[in-house]
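The values are calculated or read from the model by the stated rules, or taken from the named source; none is laboratory data. A quick note: this is a predicted structure, and the numbers were derived from the prediction, not measured. Here Cβ is always computed from backbone atoms with ideal geometry, including for glycine, and neighbour counts include all displayed protein chains.
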Amino acid sequence: MKENMLDVLMYLFEHFMDEDNQISHDQDTLKVELVAAGFQGTEVNKAFAWLEALSEQQIVEENFKQSTISLRIYLPDECDKLDVECRGFLMFLEQANILDPQTRELVIDRVMELDTEEFTLDQLKWVVLMVLFNQPDQESSLAWMEDLVYDEVMQGKFH
């Protein structure tokens with residue numbers, strides 16, 4: 001299999017998240033099950049490191065509040081990773097109050113940490129879902145993103 005870290009993360013969320021939006025197994029069990037499902041151990045470890053960094057950032061970001069009105073200027077390497085469609089989607093999510101400037105920055109940070117050469121809008125939606133999953137008091141935004149992502153999966157638009 002030529003799966004990358006993002007594929008591991010998406011599989012993890014598709015198969016191991018329970019109805020209470022909790023991961024249903026401990027980390028060691030999940031690692032064994034992901035390797036058994038055909039993912040490389042190195043990619044599984046990278047995925048858990050990515051999730052751990054997201055969790056740590058959530059704690060740090062709680063102490064930092066930005067203005068609700070902001071203009072995001074993207075760096076060249078961010079523009080390389082996030083095409084116009086992705087950046088437009090992030091802006092749409094902010095305007096729809098799904099993301100605030102703080103969660104937008106977490107999304108961008110997590111995207112930039114992915115080791116993918118190509119990055120698509122569908123993949124961005126998964127990253128947004130994962131970031132919102134790890135944020136307190138984001139239940140309505142998380143539910144909105146879950147509906148968007150899982151409706152597209154069920155309609156066969158992804159995978």
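Data table
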{"item": "Any hit, region 117-140, residues being modelled with pLDDT under 85, touching a Leu at 6+ places or on another chain (Cβ under 6 Å) and not aromatic (Phe, Trp, Tyr)", "result": "yes"}
{"item": "Selection from region 33-47 of residues that are part of a helix (DSSP H, G or I) and surrounded by fewer than 13 Cβ atoms within 10 Å (Cβ to Cβ)", "result": "Ala36, Gly41, Thr42"}
{"item": "Residue ID - modelled with the lowest pLDDT, chosen from residues in region 12-32 that are among the polar types (S, T, N, Q) and part of a helix (DSSP H, G or I)", "result": "Gln27"}
{"item": "Helices (runs of 4 or more DSSP H) lying entirely in region 77-149 (those with 2 or more residues that are closer than 16 Å to Asp7 by Cβ)", "result": "101-112, 121-133"}
{"item": "Those residues of region 1-11 which are closer than 14 Å to Ala36 by Cα and either at pLDDT below 85 or touching a Phe, Trp or Tyr at 6+ places or on another chain (Cβ under 6 Å) (or both), in sequence order", "result": "Met1, Glu3, Val8"}
{"item": "Unique residue being touching a residue at least 24 places away in the same chain (Cβ under 8 Å) and over 14 Å from the mean Cα position of the chain (by Cα) when the list is Asp100, Asp122, Asp80", "result": "Asp100"}
{"item": "Filter result for the condition that a residue is surrounded by 12 or more Cβ atoms within 10 Å (Cβ to Cβ) and at pLDDT 95 or above, over Ile98, Ile108", "result": "Ile108"}
